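These notes concern the structure reproduced below.
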Amino acid sequence: MTTTTPQENLLDWLRDAHAMEQQAEKMLQAQSERLEHYPQLKRRIDQHLQETRGQQARIGECLQRLNDSPSTLKDLGAKLMAFAQGVSGMTMSDEVIKGAMASYVFENVEIAMYTVLIAAANAAHDPETRSACEASLSEEIDMADWLREHLPELTRQYLSRSQAPDQEAKV
């Protein structure tokens, strides 16, 4: 039986988080490019897109400091998944709602990932990684909270637009 140190697990999970943030960037970019009738959502998506790029950079810095690098294979897989999700959403009449719901779910996955990374960084006695992950966790919680608070209004806007024959509700 092989054993794995907290440091080894931390590195593996940091590589996973980097791939996850690359997937998030692609998904957010695809959403932002298509949103035109929901300016408040677009502004928040664009803000979080910038935060996501910062999160990728923080994770990359942690990996570099620990003499490691992102997994090219994991990053490629995440990008392909995000592309497929973006393309599949384009065909749904309620794309804006399904996209907001998917974003809310994804934010909570990211919250779980950063919670695990913080615990692993503590176990690995790595306060710099812990601090970087705490900053990212805060941004993910803020985005998840924003989505949860705005889903009812977004739904009302969508329903109103979908009933008006001269307005497109989709995005």
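Structural remarks
- Were the residues from S32 through S69 laid out at 0.36 nm apart, the gain over their Cα-Cα distance would be 10.5 nm.
- In this calculation the C-beta distance from T4 to V105 is compared with R0 = 30 Å, giving a FRET efficiency of 0.55.
- Amide N of region 12-51 lying under 19 Å from the label point, which is placed 7 angstrom from the Cα of V116 along Cα→Cβ: 12-25
- Rg(Cα)/(2.2 N^0.38 Å) for region 6-163, N = residue count: 1.09
- Rounded FRET efficiency, nearest 0.05, which uses the C-beta distance separating Q40 from S131 and R0 of 25 Å: 0.20
- Whole-angstrom gap from region 124-154 to region 1-76, using each part's C-alpha centre: 13 Å
- Per-residue Cβ neighbour rank within 10 angstrom, fewest leading, I59, I97, I141: I141, I97, I59
- The stretch between Q47 and S93 holds 14.0 nm of extra length on full extension. This uses 0.36 nm per residue minus the Cα-Cα distance.
Throughout, read-outs are computed from the coordinates displayed, never taken from laboratory work. It should be emphasised that the depicted structure is a prediction, and the values quoted were computed from it without experimental measurement. Positions of Cβ are generated from backbone atoms using ideal geometry, with glycine treated the same way; all protein chains shown enter the neighbour counts.
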